[in-house]
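The values are calculated or read from the model by the stated rules, or taken from the named source; none is laboratory data. Only a predicted model underlies this, so the values are computations on that prediction, with no experimental measurement involved. Here the Cβ positions follow ideal geometry from the backbone for every residue, glycine too, while neighbour counts run over all protein chains shown.
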Amino acid sequence: MGDEASDELKIGNLFGGAAKGGLVDIPYGTPGHVGDAQLVVMGVPIATPYASVGAYCADGPDAIRNAVGWPGMGDHYDFDLDGTLLDGVIATDWGNLKVSQTDFASNRQLITEHVAKVLDGGAVPFVLGGDDSIPIPILAAYQNHGPVTILQLDAHIDWRDEVQGERNGLSSNMRRASEMGWVTSIVQVGARGSGSARPSDVSDALDWGVKFFPMKAVRSGGQQPIIDAIPEGASVYIALDIDALDPSVVPGVIGPAPGGFQYGEVADLFEAVAAKARIVGFNLAEFAPQADVGNRGALVAARLAATAIGLAARQSH
């Protein structure tokens, strides 16, 4: 009865049914075919999950797509973006990549190949995860499209060299990124509390040149120091682990940490970054819909992805 009532209250019903496209009603397209698209969305349910927890975020991409939508919403006025979402830019949603539940090396190769097709086609990739192992193969695709500055928003710094014998898992993505010659700067924002990082991991990151802005520093100093740390005109890849947001805003995560961002703070940060640099890619990871409450986290995740897409669309003109 509760689920049926919830279905009846979906906003799409009020406007004549559900959206027919992908994320925020972006039309679905053929995976691997960029065509005239300037922005490409794809879902990656898993890349390299740890054996101890499995693919706990595999349903994330579909939950995010289904969080909000009604027919033609891409043509409706968006008050956050002061115009339509895509602003006349062509976008396509490739749906979810056909990943393996057991062959993680093939997953990484598949992800890298598909992101490389987007980049080679002159488009910007927007990837919905999946756990936070997905940035590693995504960033590998930028080898011929650098240099790249990474802006990571995360409650954790992800600088472990290995966990449970796995070097490509969610706790290692920024360390693996630092080993890619085309990644020239990393700005990490939102760390708080205790995670899996050891003191040596923090030291290694600082020695490499990471600029850290933990939430304590953000609360005291605001966001301008973060923007100042991004080189003017840089090509910026935004890696968003949704647990960067406070668990009261996005409860559906495996590693909740009090004291995180509010939705508007992240949206404002994206806008400030887009005013200074070029967004060349985006991923959203770590949304676990089975731990969500009333689809609230899915709605926030979808809206942040839409904001990033809208800002990149305006840069594509």
Exercise for review: Kindly check whether there is at least one residue in segment 289-310 that is farther than 26 Å from ASP62 by Cα and at pLDDT 95 or above.
Suggested key: no
Review point. In segment 112-166, which residues are within 30 Å of GLN224 (Cα to Cα) and β-branched (Val, Ile, Thr)?
Key: VAL124, VAL127, ILE134, ILE136, ILE138, VAL148, THR149, ILE150, ILE157
Practice item. Return the only residue of ALA302, ALA291, ALA298 being farther than 19 Å from ILE138 by Cα, touching a residue at least 12 places away in the same chain (Cβ under 8 Å), surrounded by fewer than 19 Cβ atoms within 10 Å (Cβ to Cβ) and aliphatic (A, V, I, L, M). Key: ALA291
**Study point:** Criterion (surrounded by fewer than 20 Cβ atoms within 10 Å (Cβ to Cβ) and without any contact (Cβ under 8 Å) to a residue 60 or more places away in the chain) met by exactly one of VAL183, VAL187, VAL202, VAL163
**Key:** VAL202
**Study point:** Unique match (being more than 19 Å from ASN283 (Cβ to Cβ) and acidic (Asp, Glu)) among ASP78, ASP59, ASP93
**Key:** ASP78
Practice item. For ILE227, work out the one condition from (1) surrounded by fewer than 20 Cβ atoms within 10 Å (Cβ to Cβ); (2) within 17 Å of the chain's Cα centre (by Cα); (3) among the aliphatic types (A, V, I, L, M) it doesn't fulfil. Key: (2)
**Study point:** Checklist (1) of a type in the set (Ser, Thr, Tyr); (2) closer than 25 Å to THR112 by Cβ; (3) under 14 Å from the mean Cα position of the chain (by Cα) applied to SER316, failing item
**Key:** (3)
Practice item. Give the residues of segment 231-252 that are buried (at least 24 other Cβ atoms within 10 Å of the Cβ) and in a loop (DSSP other than H, G, I, E, B), sorted by residue number. Key: VAL250, GLY252
Practice item. Looking for whichever is within 19 Å of the chain's Cα centre (by Cα), crowded, with 22+ Cβ neighbours inside 10 Å and closer than 24 Å to ARG192 by Cα here; the options are GLY260, GLY281. Which one fits? Key: GLY260
Check your understanding: Can we say ALA155 is touching a His at 6+ places or on another chain (Cβ under 9 Å), buried (at least 23 other Cβ atoms within 10 Å of the Cβ), of a type in the set (Gly, Ala, Ser) and within 23 Å of GLY264 (Cα to Cα)?
Key -> no
Practice item. Say whether the condition of being under 29 Å from GLY260 (Cα atoms), among the hydroxyl-bearing types (Ser, Thr, Tyr) and under 16 Å from the mean Cα position of the chain (by Cα) is met by at least one residue in segment 111-132. Key: no
Practice item. Name the one entry in ALA63, ALA51, ALA37 that is among the small types (Gly, Ala, Ser), under 19 Å from the mean Cα position of the chain (by Cα) and at pLDDT 90 or above. Key: ALA63
Practice item. Could you tell me whether segment 262-280 includes any residue that is modelled with pLDDT of 95 or more, among the β-branched types (Val, Ile, Thr) and not in a helix (DSSP H, G or I)? Key: yes
